[in-house]
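Peer 1: I'd like to ask some things about the structure below.
Values in this text are rule-based calculations from the coordinates and carry no lab data. Since the model is a prediction, treat every value here as computed from it, not as a measurement. Cβ atoms come from the backbone with ideal geometry, glycine included; neighbour counts cover every protein chain shown.
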Amino acid sequence: MALLPSRTKYRKVHTGRIYGKAQTCNALAFGDFGIQSLTRGRMTSQQIEAARVAMTRSLKRKGKVWIRVFPHKPVTKKPAETRMGKGKGSVEKWVAVIRPGTMLFEIAGCSATAAREALRLADTKLPFHCRFVTRED
Amino acid sequence: MQQFKLNIETRENTGRGVARRLRASGKIPASLYGQGKARSITVTAVDFRDLNRDLAGGTAIVELTDEKGETALSLVQSVQRDAIKGSVDHIDFQEVERGHSFNTHVSVHLVGEADCIGVKHDGGVIDHKTHQIDIRCRPSNLPEHVEVDVSNLAVGDAIHIRDLAALEGVEFLGEPAQVLVSCQPPTVATAAEEEAEAEAAAVAADEVPASKVKADDESDADEK
């Protein structure tokens, strides 16, 4: 199931800009291994789900996975071949805003080798450059 | 009790520009507070890197010596780091007084993970829930870290703060029922769950699910 908020105050929001580095959620909080974004961008709920599935399948249900990001932001799109105007388009997807340094996923309860491979597979689903981090770092 | 030494310089100027120039010149802006007073100081980045390596994630008393030769016992309360570069941006030192109790937090280390009964025999997963706990003690009784033995932990069991062995002169401040570490049972996937996950993975990767491909092939064959 793709992630999306159960209830929001406003249906549509402005595009916004992604400034600065991650000031919070930039360190390991739950697990022993994780991946941290090195660039900025948006992560859709489909990408989060694809990464989660890749990790759980790689770990063969041995470890524990934490998803540290949530897609709070609605992104709208106008239908194809539509004239401009007539208001903002309808919500097409939900995205998480990612700044450099954001911890995306964390893993515990498995070996470093298994965690590295699972997070590498998750990284292939994401539109960011990420790095593998451990608690020893 | 481990005790380390670090040289500091008193800093008169404050602000973003001053802090940036200090970092560029190989120094780290820091604050020293406690005992009802606070002051801005500077630490050499190389000295702090060596201290951090010696601390190795543990908690210890650091004796700070300024340019006048005055000393102060302190704890490294917090370290602000750049999220990408990992370089230290700012350090908070909390001054403590010899013979007086103070509050701090120490890391929780697990011992005997490889011999854990739940993991070895039942395939459980150790869930380390609390990595740091709050304590109250005197400088002389400050432990480097708190060790928790998990070798006898079975699946479904948990170790709480109340289960910790008493340390001399150390009071654990957290909620007694707070879980430090537990052994979770292994998750077993049913065939239906696995199928649903495979389909979700295919959809997420913008691929056509295997079941649909098969159905399309069949319909093509029917048309022929």
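Peer 1: Once phi is turned into θ = phi - 60°, what whole-Hz ³J(HN,Hα) does the Karplus curve with 6.51, -1.76 and 1.60 give for every residue of region A:127-137, x standing for Gly and Pro?
Peer 2: In residue order, the calculated couplings are x, 10, 8, 10, 10, 7, 10, 10, 5, 5, 4 Hz.
Peer 1: With all pairs of different alpha carbon atoms counted, what Kirkwood hydrodynamic radius in Å does the protein assembly as shown show?
Peer 2: 24.2
Peer 1: If you take every DSSP beta bridge fully contained in region B:1-79, what fraction is antiparallel? Give it as a percent rounded to 5.
Peer 2: 75
Peer 1: Still on this model: At 4 °C and 1.567 mPa s, grab the translational diffusion coefficient of region B:103-185 from Stokes-Einstein with a Kirkwood Rh over Cα pairs, rounded to a whole number in µm² per second.
Peer 2: In µm²/s, the coefficient rounds to 99.
Peer 1: Going by amide H atoms built from the backbone, whose H comes under 5 Å of the H on A:N26, apart from near neighbours?
Peer 2: A:M103
Peer 1: Let me ask you something else. If you count, for each residue, the other Cβ atoms within 10 Å and average over each peptide, how do B:155-162, A:48-55 line up from highest to lowest?
Peer 2: A:48-55, B:155-162
Peer 1: Note down the magnitude of the dipole of region B:68-153 about its Cα centre, charges +1 on Lys and Arg C-beta and -1 on Asp and Glu C-beta and zero elsewhere, to the nearest 20 debye.
Peer 2: Magnitude of the dipole: close to 200 debye.
Peer 1: Short version: ³J(HN,Hα) in whole Hz for each residue of region B:118-133, in order, from phi by Karplus 6.51 cos²θ - 1.76 cosθ + 1.60 (θ = phi - 60°), x for Gly and Pro, what are they?
Peer 2: Karplus-based 3J(HN,Hα) across region B:118-133 equals x, 7, 5, 9, 10, x, x, 10, 6, 10, 7, 7, 10, 8, 9, 10 Hz.
Peer 1: Where Rh denotes the Kirkwood radius from the mean inverse Cα pair distance, what is Rg over Rh for region B:1-71?
Peer 2: Rg/Rh for region B:1-71 comes to 0.97.
Peer 1: Measuring from label point to label point, each 7 Å out along Cα→Cβ, what is the B:R20 to A:S111 span in nm?
Peer 2: 4.8
Peer 1: Rounding to the nearest 20 debye, state how big the charge dipole of region B:3-96 is about its Cα centre with +1 on each Lys and Arg Cβ and -1 on each Asp and Glu Cβ.
Peer 2: Dipole magnitude for region B:3-96 comes out near 420 debye.
Peer 1: Further question: Counting other C-beta atoms within 10 Å, which of B:E12, B:E147 has the fewest, and how do the rest follow?
Peer 2: B:E12, B:E147
Peer 1: Another question, if that's okay. Could you work out the mean projected area of the convex hull around the alpha carbons of region B:1-127, in square nanometres to one decimal?
Peer 2: 10.8
Peer 1: Determine, for each peptide in A:25-33, B:108-116, A:74-82, the mean count of other beta carbons within 10 angstrom over its residues, then list the peptides with the highest first.
Peer 2: Top of the packing list down: A:25-33, B:108-116, A:74-82.
Peer 1: While we're looking at this one, here's another question. Using +1 on the beta carbon of Lys and Arg, -1 on that of Asp and Glu, and nothing else charged, what's the dipole of the protein assembly as shown about the Cα centre, debye to 20?
Peer 2: 2340
Peer 1: Determine the shielding of peptide B:75-82 by partner chains: average, over its residues, the number of Cβ atoms on other chains within 10 angstrom of each Cβ.
Peer 2: So the per-residue partner count for this stretch is 1.
Peer 1: Here is a follow-up. Return A:W94, A:W66 ranked ascending by Cβ neighbour count within 10 Å, so the fewest neighbours appear first.
Peer 2: In order of increasing Cβ crowding within 10 Å: A:W66, A:W94.
Peer 1: For B:Q178, what residues show an amide H to amide H distance below 5 Å, using hydrogens built from the backbone and excluding near sequence neighbours?
Peer 2: Those lying under 5 Å, H to H, from B:Q178 are B:I161, B:R162.
Peer 1: For region B:103-185, give me the percentage of DSSP beta bridges that are antiparallel, rounded to the nearest 5 percent.
Peer 2: 80
Peer 1: Further question on the same structure: Once you average over the residues of B:121-128, how many Cβ atoms of partner chains fall within 10 Å of each Cβ?
Peer 2: Average neighbour count from other chains, rounded to a whole number: 3.
Peer 1: Of all DSSP beta bridges located in region B:1-142, what percent are antiparallel, nearest 5?
Peer 2: Around 75 percent of the beta bridges assigned by DSSP in region B:1-142 are antiparallel ones.
Peer 1: Moving on to the next point. Can you give the angle from 0 to 90° between the axis of helix A:112-123 and the longest principal axis of chain A, with both taken from C-alpha atoms, to the nearest 10?
Peer 2: 10
Peer 1: If the cut-off is 18 Å between C-alpha atoms, which lysines fall inside it for A:K12, apart from same-chain ones fewer than 8 positions away?
Peer 2: By straight Cα distance, A:K12 reaches A:K73, A:K77, A:K78, A:K86, A:K88, A:K93.
Peer 1: Which whole-Hz couplings ³J(HN,Hα) result when phi for each residue of region A:76-84 is put into the Karplus expression 6.51 cos²θ - 1.76 cosθ + 1.60, θ = phi - 60°, listed in order with x for Gly and Pro?
Peer 2: 9, 8, 7, x, 5, 6, 10, 5, 5
Peer 1: Same structure, new question: Amide H to amide H under 5 Å from B:G34: which residues, 5+ apart in sequence or cross-chain, H placed 1.01 Å off N in plane?
Peer 2: Those qualifying (amide H under 5 Å, at least 5 residues apart or on another chain) are B:E95.
Peer 1: For region B:90-113 and region A:1-38, compute the distance between their C-alpha centroids and round to whole Å.
Peer 2: 31
Peer 1: Largest first and to the nearest Å, give the Cα extent of chain A along each principal axis.
Peer 2: On the principal axes, chain A reaches 55, 31, 26 Å in Cα extent.
Peer 1: What spacing in nm lies between the two simple spin-label points modelled at B:S78 and B:E144, each 7 Å away from Cα in the Cβ direction?
Peer 2: 2.7
Peer 1: Moving on. Where in region B:93-107 is the amide nitrogen less than 17 Å from a point lying 7 Å along the Cα-to-Cβ axis of B:Q3?
Peer 2: B:94-102
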